[in-house]
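Engineer: Structure in structure tokens, see below.
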């Protein structure tokens, strides 16, 4: 039952169509006000009347029915309360029948979404700064799939540029095949940092690095053998972390993949008169649009990020015919995306409007920003391992009889890291703190996972729900029903706003109302009808929380 749509149709305001009116209806912050509310301020200009009078007039003409039990006008708001019995029957039936599909939809059927995320750099460590793009992008992939979209997850590898020349120089001077095969990514990081330290004293090393990168571009066998070794080691190492975080990709086409696809882009820009020469460099002038020029070619003819991103967008549209192409990249790159999106538009591609930069905040250390060059990073693998270790200790203290402590600790530890990165609005900057990430109290993932485990415990001890009838609901019972009913809408809102944090906040809200219900309403009571209703509520919460956590890439556990 779509209550917003039902209310909008019943209001039937001549000068406002149903979809528009439906979009105005919201859920009040306090359930005592009502289950739904129409702010009549939005209608004031259209109906040329005060919000208070509009609300009073609409209330007078509104007819209650089997779904809406109360309508009131309060300070310019028209508040609605739904028939609680009707809602409870509908919601519980829907959750228990649809199970793992509860909250899903087919609104994306026939549409394709490309999501460019994580996009690690070859031969650089997977540090805490990569966490946000990785888990936001992965969650968006899962959310859109849940809504019926065809999703293409893309890891746009940073596998192109002078840094690979630097690594080859560093490898030849300070490492060996044996050292790299043994130390792997840590050894590559060590020699990369050493190169930058040495280059400060000997700038000619940078010239040597540029020469080796040119050899890679020209197909030199030895240079490409080293480059491919660095790439192979990086992907093997980061794949371990991706598996821990429940992250996967459909494509690893990185910057080097587009090496032979950039010339046609540059040629088209020239043919359309979009290229200008400035100090020897080829640019697209964007002054008219309030932006600095977009650099396409350096004075030496080499390409830049924008050139490669334009070529990648062209390739993705041709290959996947996407309806949207999302780029999950930090807000520091806002200008870059505005520039290259505008260039694609100027090239006459009407689908430029379907390119979306999903910006997120930066992660820094309490001691300052991170830099691979200086070696000042917190490795994501270390963070995950520490949370798993702490989870194991907590389990040992609180419930040492758990059957599979290793598996539970792994699920709780990795869940804490993912949830911690997704619990706030994505655009907020994060100052990474071990104390906060490793906390198992308050609004955290372990709290939500424990709620699921509590539901499991109840169902195992008391039994599965059987037949019941609903004649009345305690406030705590109705709060659970009302919160359950919101899940599908929350998932769709998360997709429209590219905001997985809406699901984390929902999971916390549902956990909160369930735990209040658990404390105040005895489930294993003598009244069979009440017992089965409460078991149905418990199982519905377990299903819905499990679905919510799955969308975030977080595993639930049977016991904690």
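Engineer: For helix 475-485, report the angle its Cα long axis makes with the longest principal axis of the Cα atoms of the chain; keep it between 0 and 90° and round to the nearest 10°.
Structural biologist: 40 degrees
Engineer: Something else now. For segment 475-560, report the convex hull volume of the alpha-carbon atoms normalised per residue, in Å³, without decimals.
Structural biologist: Details: hull volume 8.0 nm³, N = 86.
With only Cα atoms used, segment 475-560 gives 93 Å³ per residue.
Engineer: Then there is this: Please report, in whole Å, how far the alpha carbons of segment 95-157 spread along each principal axis, starting with the longest.
Structural biologist: 47, 25, 12
Engineer: Hey, what angle do you get for helix 501-520 against the long axis of the chain, alpha-carbon based, 0 to 90 degrees rounded to 10?
Structural biologist: For helix 501-520, the angle is close to 40 degrees.
Engineer: Rounded to the nearest 10 degrees, what's the angle between the helix 204-217 long axis and the longest principal axis of the chain, both from Cα atoms, 0 to 90?
Structural biologist: So the inclination is approximately 70 degrees.
Engineer: Further, regarding this structure: Restricting to Cα atoms and excluding each atom paired with itself, what does the Kirkwood estimate give for segment 100-198 in Å? Let's see the in-between values first.
Structural biologist: Details: mean 1/r = 0.0622 Å⁻¹.
Over segment 100-198, the inverse of the mean reciprocal pair distance is 16.1 Å.
Engineer: Let me ask you something else. In a solvent-free Debye calculation with one equal scatterer on each Cα, what is log10 I(q)/I(0) for segment 238-368 at q = 0.10, 0.13, 0.18 Å⁻¹, listed in the order of the q values?
Structural biologist: Each listed q maps to, in turn, -0.38, -0.63, -1.08.
Engineer: Further, regarding this structure: Expressed as a whole percent, how much of the Cα-Cα distance distribution for segment 388-541 exceeds 28 Å?
Structural biologist: Numbers: 3583 of 11781 pairs.
The share of Cα pairs beyond 28 Å in segment 388-541 comes to 30 percent.
Engineer: How long are the semi-axes of the equivalent ellipsoid of segment 3-82, defined as square roots of 5 times the Cα gyration tensor eigenvalues? Whole Å, largest first.
Structural biologist: Details: eigenvalues 61, 39, 28 Å².
With the √(5λ) rule applied to segment 3-82, the semi-axes are 17, 14, 12 Å.
Engineer: Between the alpha-carbon centers of segment 382-438 and segment 521-559, tell me the distance in whole angstrom.
Structural biologist: 23 Å
Engineer: With r defined as the distance between the Cβ atoms of residue 225 and residue 198 and R0 fixed at 25 Å, what FRET efficiency is calculated, to the nearest 0.05?
Structural biologist: Details: r = 24 Å, r/R0 = 0.94.
Efficiency computed from Cβ-Cβ geometry: 0.60.
Engineer: So how far, in whole Å, is the C-alpha centre of segment 175-197 from the one of segment 216-239?
Structural biologist: 14 Å
Engineer: Per residue, how big is the convex hull around the C-alpha atoms of the chain? Give it to me in cubic angstrom, could you? Mind showing how you got there, number by number?
Structural biologist: On the way: hull volume 102.8 nm³, N = 560.
Convex hull of Cα atoms, per residue: 184 Å³.
Engineer: For residue 106 and residue 285, what does the FRET efficiency come to when R0 = 51 Å and r is the distance between their Cβ atoms, rounded to the nearest 0.05? The partial results should precede the final answer.
Structural biologist: On the way: r = 45 Å, r/R0 = 0.88.
Using R0 = 51 Å, I get an efficiency of 0.70.
Engineer: Want the number for residue 382 to residue 31: 0.36 nm per residue separation, take away the alpha-carbon distance, what's left?
Structural biologist: Numbers: separation 351, 0.36 × 351 = 126.36 nm, distance 4.30 nm.
Extra length from residue 382 to residue 31 when fully extended: 122.1 nm.
Engineer: Another question, if that's okay. For the chain, what relative contact order do you get, as a whole percent, if you take Cα pairs closer than 8 Å and at least 6 residues apart? Walk me through the numbers on the way to the answer.
Structural biologist: On the way: 881 pairs, mean separation 89.6, N = 560.
Once divided by the residue count of the chain, the mean separation gives 16 percent.
Engineer: Among the DSSP beta bridges whose two residues both lie in segment 258-407, what percent are antiparallel, rounded to the nearest 5?
Structural biologist: Values: 10 of 16 bridges.
Taking every DSSP beta bridge within segment 258-407, about 60 percent pair in antiparallel fashion.
Engineer: Rg/Rh for segment 227-288 to two decimals, with Rh computed the Kirkwood way over all alpha-carbon pairs.
Structural biologist: Details: Rg = 18.7 Å, Rh = 15.3 Å.
Result for segment 227-288 is an Rg/Rh of 1.22.
Engineer: Within 10 Å, count the other beta carbons around each residue, average over each peptide in 135-142, 395-402, 351-358, and list them highest first.
Structural biologist: Numbers: 135-142: 26.1, 395-402: 12.1, 351-358: 17.6.
Averaged packing, sorted descending, gives the order 135-142, 351-358, 395-402.
Engineer: Hey, another quick one. At 222 nm, what value in deg cm²/dmol follows for the chain if DSSP H runs of at least 4 each add -39500 (n - 2.57) and the sum is divided by all its residues, to the nearest 500? Could the numbers behind the result be given before it?
Structural biologist: Working: 21 runs with 302 residues, N = 560.
Calculated at 222 nm, the ellipticity per residue is -17500 deg cm²/dmol.
Engineer: Peptides 409-417, 308-316, 496-504: what's the order by average Cβ count within 10 Å, highest mean first? Each step should come with its number before you reach the end.
Structural biologist: Values: 409-417: 24.3, 308-316: 22.7, 496-504: 20.6.
Result, highest mean first: 409-417, 308-316, 496-504.
Engineer: How many angstrom lie between the C-alpha centres of segment 109-159 and segment 444-503?
Structural biologist: 28 Å
Engineer: Per the Kirkwood definition applied to all pairs of different Cα atoms, how many angstroms is the hydrodynamic radius of segment 183-248?
Structural biologist: Values: mean 1/r = 0.0729 Å⁻¹.
Over segment 183-248, the inverse of the mean reciprocal pair distance is 13.7 Å.
Engineer: At 7 Å along Cα-to-Cβ for each site, give me the label-to-label distance between residue 302 and residue 267 in nm.
Structural biologist: So the label points at residue 302 and residue 267 sit 2.4 nm apart.
Engineer: As an exercise, use a Förster radius of 35 Å and the Cβ-Cβ distance of residue 332 and residue 218 to find the FRET efficiency, rounded to the nearest 0.05.
Structural biologist: On the way: r = 33 Å, r/R0 = 0.93.
The formula returns an efficiency of 0.60 here.
Engineer: Going highest first, how would you order 212-221, 273-282, 380-389 by mean Cβ packing within 10 Å?
Structural biologist: Details: 212-221: 15.6, 273-282: 13.0, 380-389: 18.6.
Most protected by this proxy first, the peptides run 380-389, 212-221, 273-282.
None of the figures in this text is laboratory data; all of them are computed from the coordinates on show. None of these values were measured; they are calculated from a predicted model. We place every Cβ from the backbone using ideal geometry, glycine too, and count neighbours over all the protein chains shown.
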